[in-house]
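Student: Got a structure for you, written out below as structure tokens; questions coming shortly.
The values are calculated or read from the model by the stated rules, or taken from the named source; none is laboratory data. Predicted, not measured: the structure shown is a model, and the values here were computed from it. For neighbour counting, all protein chains shown are included, and Cβ atoms are generated from backbone atoms with ideal geometry for every residue, glycine included. The protein model used for the area step is the full one, side chains on, heavy atoms only, and it has no ligands, DNA or RNA in it. Shrake-Rupley method; radii C 1.70, N 1.55, O 1.52, S 1.80 Å.
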Amino acid sequence: EWISIGRNFASTDEFRVIMNGLYMNITSSYVEVCATDAHKLYTDKVAATMTDGTNVEAVLPSRAFAPLLNFLTNEAEVTMRIDDKNFTFTTPRTELKCRKVEGNYPNFRAVIPSHSQKLVMSNEAFATAVNRVAIFSNKETSLVKLNILKNSVLLEGNDIDFNMSSSENVDATLNSDSFVSIGAKAIFLLLCLKNIFSDEVTVEYGTSAQPMLFKDSSRPSKQILLMPMMIQ
């Protein structure tokens, strides 16, 4: 799951190679992962036990994602070893080895906000509305505006070059009465919603310039962050 989700969030920037993969932080009590391209971010954490008590930080390169997904599909259990230079994945029948990405991963935790405002809505209804509104948004920017109202979110997409626009209202439960408009790239917004597996999605938000945080009620440790777009 980490690899299948993380591959959609990892960077492909050849100038920031350290971000071209899945960061793993392995401690004596948990395993934490992160993938980001500076526009969107995915992170998760699960409890784990490591007997020798040595913390390990390493980045699994994105070029290993495809073979690993094929490799892991038919295996109930796999052993992962990390040394100074390599990852090694082993099952009774197969061994796969790949080099770690060298360098220090950026402090992604510093960009994850602590918003007090949040809304809860149907994941399917939200994604369906974004899909419809995005058809009428500018093809270059793919900008969709989220107008967070009292009991709903009004989605708007428009393309002034072709004089067309669309809007759709989605019911939501909010813990605040403040009105906020946030711009988001439709394809990134849909990617975030696609990787929330619960029926309802919780979105934590601040101002129009702050990132939105998507949370999965079936997996509280999973967090997906999306940077906003400027609204003209």
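Student: Using modelled backbone amide H atoms (1.01 Å from N, in-plane), which distant-in-sequence or interchain residues come within less than 5 Å of T202's amide H?
Tutor: K215, S217
Student: Determine the principal axes of the Cα atoms in segment 76-135, then give the extent along each, sorted from largest to smallest and rounded to whole angstroms.
Tutor: Computed over the Cα atoms, the extents are 46, 32, 24 Å.
Student: Further question on the same structure: Using every pair of alpha-carbon atoms in segment 51-90, split the distances into 5 Å bins beginning at 0 and state the percent of pairs per bin, rounded to integers.
Tutor: Final binned percentages: 5, 17, 28, 26, 14, 9, 1.
Student: Something else about it: What list of ³J(HN,Hα) couplings, whole Hz, do you get for segment 221-231 from phi and the Karplus terms 6.51, -1.76, 1.60, once you set θ to phi - 60° and write x for glycine and proline?
Tutor: 6, 7, 9, 10, 10, 10, 6, x, 9, 5, 8
Student: What is the local net charge at S11, summed over the other residues whose Cβ is closer than 14 Å to its Cβ (Lys, Arg +1; Asp, Glu -1)? Intermediate values should be presented prior to the final figure.
Tutor: Working: positive: R7, R16, K40, R63; negative: D13, E14, D37.
Net charge around S11: +1.
Student: Summing -39500 (n - 2.57) over the DSSP H runs of n ≥ 4 in the chain and dividing by its residue number, what mean residue ellipticity at 222 nm do you reach, to the nearest 500 deg cm²/dmol?
Tutor: Estimated from H runs of four or more residues: -4000 deg cm²/dmol.
Student: Further question: How compact and how long is segment 112-232, expressed as Rg and Dmax of its alpha-carbon atoms in Å?
Tutor: Looking at segment 112-232, its Cα Rg and Dmax stand at 13.4, 43 Å.
Student: As a test of the definition: which semi-axes, in Å, follow for the chain when you take the square root of five times each eigenvalue of its alpha carbon gyration tensor? Largest first, please.
Tutor: Here the semi-axes work out to 36, 19, 16 Å.
Student: In whole Å, how far is the Cα centre of segment 36-52 from that of segment 157-195?
Tutor: Centre-to-centre distance over Cα atoms comes out at 28 Å.
Student: Check cross-link reach from K194 to the lysines: straight Cα distance under 29 Å, and skip same-chain residues fewer than eight apart.
Tutor: K40, K45, K100, K118, K139, K145, K150, K185, K215, K222
Student: With a 1.4 Å probe and all protein chains left in place, how much of the accessible area of the chain comes from carbon and sulfur atoms, in whole percent?
Tutor: 50
Student: Separate question: Taking amide hydrogens as modeled 1.01 Å from N in the peptide plane, which residues meet the under 5 Å criterion relative to Q117, leaving out close sequence neighbours?
Tutor: For Q117, whose amide H was placed from the backbone, the distant partners under 5 Å are Y205.
Student: Could you do me a favour and compute the accessible area per residue for segment 77-232, 1.4 Å probe, result in Å²? Please report the intermediate quantities before stating the final value.
Tutor: Details: 8730 Å² over 156 residues.
With the other protein chains kept in place, segment 77-232 gives 56 Å² per residue.
Student: Output wanted: per-residue J couplings in Hz (rounded whole) for segment 92-101, from phi through Karplus 6.51 cos²θ - 1.76 cosθ + 1.60, θ = phi - 60°, x for Gly and Pro.
Tutor: x, 10, 9, 9, 10, 10, 8, 6, 6, 7
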